[in-house]
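Data first, discussion second: the structure below is written as structure tokens.
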Amino acid sequence: MANSDPLTNVRAELVRRHKSTATTVLSLLVAVVLLSVLAYVMQKFLTPRSNPPLDIAVRISILMFGLGAIALRRTKFAKMRLQDIAAVQGTAGLLTTLQRTTLLVALIGIAIALIGFVSTLMSGAPLYTYQAGVVAAAVLLYGYPVRRSWEQAVQQFPPNEPNS
């Protein structure tokens with residue numbers, strides 16, 4: 001049965017990509033929680049040092065990364081953009097865009113957590129990791145791939161039929 005139904009292939013590809021992306025995002029969320037636990041455990045080994053420039057830089061960086069992740073996701077998932085991608089690249093291109101954008105937002109989330117953790121190591125204050133962890137978790141949850149949304153995107157933006 002070499003000629004299987006294209007709709008079945010699209011569905012299988014969607015499920016495969018969604019599962020791998022969702023697993024990655026959940027793994028990164030667990031990593032954020034583990035970084036916070038590690039900061040808590042390391043607290044007794046760290047010497048608190050006041051560093052106002054670091055404090056301001058970290059807060060601004062976390063804010064910019066968090067807002068940037070939201071802006072990136074909203075821009076990449078704009079209806080007109082997805083429609084154009086589906087028309088030019090087909091369903092495979094649409095699924096690739098959904099997956100790559102979701103993973104990029106997740107990487108921004110883990111970068112936020114790492115900024116907080118490194119700041120904790122530099123300053124001795126675990127509060128940086130906790131604050132960054134909350135923002136990182138919010139970014140990861142905001143970017144979490146909802147399968148129903150992906151299915152709707154594939155159904156809403158079917159590829160154009162080639163003129164043969």
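Each reported figure results from applying straightforward, stated rules to the coordinates on display, with no laboratory input. Everything numeric in this text was worked out from a predicted model, so none of it was measured. With ideal geometry, Cβ positions are generated from the backbone for all residues, glycine too; neighbour counts draw on all protein chains shown.
To the nearest 0.05, what FRET efficiency results for Leu26 and Gln156 with a Förster distance of 30 Å applied to their C-beta separation? Mind dumping the intermediate values first?
Details: r = 26 Å, r/R0 = 0.87.
E(calc), rounded to 0.05, equals 0.70.
Can you show me the helix-derived [θ] at 222 nm for the chain, built from DSSP H runs with n ≥ 4 at -39,500 (n - 2.57) apiece and divided by the number of residues, rounded to the nearest 500.
After summing the helix terms and dividing by the residues of the chain, the value is -29000 deg cm²/dmol.
Using alpha carbons only, how many degrees (0 to 90, rounded to 10) separate the axis of helix 6-42 from the longest principal axis of the chain?
Between helix and principal axis, roughly 0 degrees.
Can you tell me which of Ala153, Ala57, Ala69 moves the most in a GNM of the chain? Springs connect C-alpha atoms under 10 Å apart.
The residue with the greatest mean-square fluctuation here is Ala57.
How far is it, in nm, from the label point at Leu104 to the one at Thr8 when both lie 7 Å from their Cα along the line to the Cβ?
Placing both labels 7 Å along Cα→Cβ, they lie 3.5 nm apart.
What does the convex hull of the Cα atoms come to per residue for the stretch 12-164, in Å³?
Roughly 91 Å³ of hull volume per residue.
In a Gaussian network model over the chain where Cα atoms closer than 10 Å are linked, find which of Ile62, Ile70, Ile110 has the largest mean-square fluctuation.
For the chain, modelled as a Gaussian network with Cα springs under 10 Å, the answer is Ile70.
Tell me the relative contact order for the stretch 1-159 as a rounded percent, counting alpha carbon contacts under 8 Å between residues six or more apart. Could the numbers behind the result be given before it?
Numbers: 167 pairs, mean separation 58.5, N = 159.
Taking the mean separation of contacting Cα pairs over the length of the stretch 1-159, I get 37 percent.
When a/c is below 1.5 the answer is rounded, else prolate if a/b is larger than b/c, else oblate, so apply that to the stretch 1-99 with a ≥ b ≥ c taken from the square roots of the Cα gyration tensor eigenvalues.
Since a/c reaches 1.5 but b/c is at least a/b, the shape of the stretch 1-99 is classed as oblate.
When we measure straight from the Cα of Lys19, which lysines land under 24 angstrom away, once same-chain ones fewer than 8 places off are left out?
Those lysines meeting the cut-off are Lys76, Lys79.
Taking the chain as a Gaussian network, Cα atoms linked when under 10 Å apart, which of Ser119, Ser20, Ser36 shows the biggest mean-square fluctuation?
Maximum fluctuation in the GNM of the chain, among the listed residues, is at Ser20.
Using C-alpha positions alone, give me the convex hull volume of the stretch 53-143 per residue in cubic angstrom.
74
In the stretch 2-109, which trypsin sites (Lys or Arg not before Pro) are in a loop and have at most 13 other Cβ atoms within 10 Å, using DSSP for the loop call?
Here the sparse-neighbourhood loop sites are Arg49.
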